[in-house]
């Protein structure tokens, strides 16, 4: 009998879906592997692949995304969230959106220098820039590489407004920079909280900070007068939608000033990764969650239409949206964060050390 494929310990994805851009896909012959090779599948090692990128600021024109520009110092994400919409971006690198996404982390080692040159360019007219947007800028390897801190140092020097998006309490390591930027009104921090259930979070988002640690980070940021919002993202119908009132109440108590949300969507290769995770949670749970998800995405697991893909459509989607608005208002989280101040922007020195004369 062929041995059962070992479950990767501490990983969100237990599958390796085919890369849509490659013609060949390799399935391991488990019967041909020895004990050491099978053990390696159970404990896959993380690889860090450094690169010197040619650019660092991405631009999008999606009406569903609140920012036009974003910076992602890492590609792939060790957090391993089974639902992560960014997984298919790893396919552009020749990897798969499953295990590869969370075990092959590309580190853009020259990100701060590129960011400095971008802000130094005469064509740049300041708009706010999101730190993250695809993968988490405070994923665990940030402790080692400190690229996000380098980006914040450049932003502070330039008085460039940035919005940080993370689900990792590591953000408080940089409280010195964030507090100073907050006094200049050039920073917001959004912290994602998907559930308050620590056991569920460990299965769903295996290498993120615990829910309690994220709330603690909100308290520390708020105490330092850094504007903080909570993102209930994604809302997974039949799994965490009933937690929305409690999450909002806990975030308010922790000092959050406003709240946002998105509905779960499973674009491309995210679908097999997340549905496999659901199956491991039990067929009853899979049937409930998948059925409700398809109900609000027109029979699919992802509605690609602008204006609907982040929120869904139909009666259940409308009920969840109405519930969120109600409890957001009750918690006093329905006001926007303070506006950014663009008047202080000043071009930083370039990476060659040269500044502007005028």
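Throughout, read-outs are computed from the coordinates displayed, never taken from laboratory work. The structure displayed is predicted, hence computed values, not measured ones. Cβ placement follows ideal geometry from the backbone for every residue including glycine, while neighbour counts extend to all protein chains displayed.
Packing, as the average of other Cβ atoms within 10 Å across residues, places the peptides 342-352, 43-53, 87-97 in the order 87-97, 342-352, 43-53, highest first. Between residue 179 and residue 318, what's the calculated FRET efficiency when r is the beta-carbon distance and R0 is 41 Å? Round to 0.05. Once rounded, the FRET efficiency stands at 0.55. Only DSSP H runs of four or more residues enter the estimate; each adds -39500 (n - 2.57), and after division by the residues of the chain the mean residue ellipticity at 222 nm equals -9500 deg cm²/dmol. With the convex hull of its Cα atoms as the shape, the stretch 32-102 has an orientation-averaged projected area of 6.7 nm².
Size of the stretch 236-358 from its Cα atoms: along the principal axes, largest to smallest, the extents are 66, 37, 27 Å. Using R0 = 56 Å, the C-beta based FRET efficiency linking residue 249 and residue 53 works out to 0.85. Multiplying the residue separation of residue 9 and residue 68 by 0.36 nm and subtracting their alpha-carbon distance yields 17.5 nm. Taking the fewest neighbouring Cβ atoms within 10 Å as the starting point, the ordered list for 167, 252 is 252, 167.
Relative to one another, the C-alpha centroids of the stretch 54-113 and the stretch 144-178 are positioned 17 Å apart. Largest GNM mean-square fluctuation among 155, 254, 213, using the chain with Cα springs under 10 Å: 213.
Within the stretch 107-184, the proportion of C-alpha pairs whose separation exceeds 16 Å stands at 48%. The simple Förster model, with R0 at 41 Å and r as the Cβ-Cβ distance, assigns residue 222 and residue 21 a FRET efficiency of 0.40. For the stretch 214-261, the Cα-based Rg and Dmax, in that order, read 11.1, 36 Å. Our note on the geometry: Cα centres of the stretch 218-251 and the stretch 257-287, 18 Å apart.
Principal-axis analysis of the Cα atoms of the chain puts helix 111-120 at an angle of about 40° to the longest axis. Ordering 284, 102 by the number of other Cβ atoms within 10 Å of each residue's own Cβ, fewest first, gives 284, 102.
Only beta bridges with both residues in the chain are counted; by DSSP, about 20 percent of them are antiparallel.
By other beta-carbon atoms within 10 Å, ranking 316, 218 with the fewest at the front produces 316, 218. Site pair residue 294 and residue 144 shows an inter-label distance of 4.2 nm when each label is modelled 7 Å from Cα along Cα→Cβ. By the equivalent-ellipsoid construction on the alpha carbon gyration tensor, the stretch 224-289 comes out with semi-axes of 29, 14, 9 Å, ordered largest to smallest. Considering only 282, 260, 299, give the residue with the highest GNM mean-square fluctuation for the chain, with springs between Cα atoms whenever their separation is below 10 Å. Taking springs between Cα atoms under 10 Å, the residue moving most is 282.
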